[in-house]
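The values are calculated or read from the model by the stated rules, or taken from the named source; none is laboratory data. All of these numbers come straight from a predicted model, not from anything done at the bench. Here Cβ is always computed from backbone atoms with ideal geometry, including for glycine, and neighbour counts include all displayed protein chains.
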Amino acid sequence: MKISTIIASLSQPTYQQFFRDITEYQEILSQIHPVDPGLSYTHLVEQINAYRAEILLTGWGSVPLPESLLKDCPTIRYVCHLTGELRWLLPRTLIEDGLIVTNWGSVISDNVAEAALFLILACCRRATNAVMTMHIHRSWGLSVEPSVSLLDKRVGIHGFGNIAQQLALLLKPFRCSISAYSPPVPDAIFEVFSIIRETSLEQLFEKNDVIVELEALTNDTERLVGKNLLNRIRPGGAFVNVGRGKVVCEQDLEVVASGGQIFIGLDVFSQEPLPPDSPLRALENVFLTPHIAGPTPDRISLCGKHALANILAYHLGDPLDSVIGVSEYDRIT
């Protein structure tokens, strides 16, 4: 089997992040030709056409691809995307026109779900207040509502994609009752994970002790979660977001958080980095992390291996994993 040249629209640091720890797939790695994404789309086209490449490898910081890609580069058949988001990279019409596209699929879902569990536990155990008490005030005890256990609690998840499904598995030892609101996901998936399907977001927020935000960001979901929903969380409950910051109206979140009635864990924000003067930074019922849910550096090579396995499958004529069709494109952020 002959591996043809693969053009990679990746910076050297990004390439190293994904592939430096991989010892397998050396024949494929030897055929990857990096093209600096800091250069123009025209330069990328020249390189693709010079090598008559069929595969374009993309990831963070790659050159965005226009609708004219297949006309500009007649040999291109497959875009192998190392990460998740795609809308910024290529238009829907390219998929409609037959371009094969894959992304990292569910490879890092458990890694992000792990971070969601961490934030849930931080809220339940009032971690910010405990840290401030012990490290800053050099005192003892909690000055907010007493901590609670996650055991036997009701957890509601907004969105039930790959990460939410992995979170449901991680919550099993805690004997949580889990429900979710995610209209596009078929009943069969809910049944596999023994998840209760809620028929409205209002029900989801009202019925549960913990709400986890994992819905994709689309035109329909931007700023969807505001005061109307957040105020439905029962006092002492928790709201966690490891999905997309812009799904939540951050101004409303700040108002609800300042009331001190619920505990909040956030890894994502409407504006990143979070401004130094954000009111969220001053609240001891809010636990913040700087968009580090995943993939963690020790897991990024799994995404590289996933991409290389797909490239091998392409050359062998085997089915690819995590293929993005039109319906998948419409659902993802």
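Remarks
- Qualifying positions in segment 248-263 - within 17 Å of Leu224 (Cβ to Cβ) and surrounded by 24 or more Cβ atoms within 10 Å (Cβ to Cβ): Val248, Leu253
- Wholly enclosed helices (runs of 4 or more DSSP H) of segment 247-333 bearing at least 1 residues under 23 Å from Leu214 (Cβ atoms) and acidic (Asp, Glu): 250-258, 326-331
- Entirely in segment 22-134, the helices (runs of 4 or more DSSP H) that have 3 or more residues that are surrounded by fewer than 18 Cβ atoms within 10 Å (Cβ to Cβ) and of a type in the set (Ser, Thr, Tyr): 41-51
- If you check Ile100, Ile120 for being under 30 Å from Leu57 (Cβ atoms), of a type outside the set (Gly, Ala, Ser) and in contact with a strand residue (DSSP E or B) (Cβ under 6 Å, 6 or more places away or on another chain), only one passes: Ile100.
- Residues that are of a type in the set (Gly, Ala, Ser), out of contact with any His (no Cβ under 7 Å at 6 or more places or on another chain), modelled with pLDDT of 95 or more and more than 16 Å from Gly265 (Cα to Cα) do occur in segment 200-221, at least one of them.
- Filtering segment 9-26 to residues that are farther than 18 Å from Leu302 by Cβ and touching a strand residue (DSSP E or B) at 6+ places or on another chain (Cβ under 6 Å) leaves only Ser9.
- Residue match in segment 230-245 (condition: assigned to a helix (DSSP H, G or I) and within 22 Å of Asn208 (Cβ to Cβ)): yes
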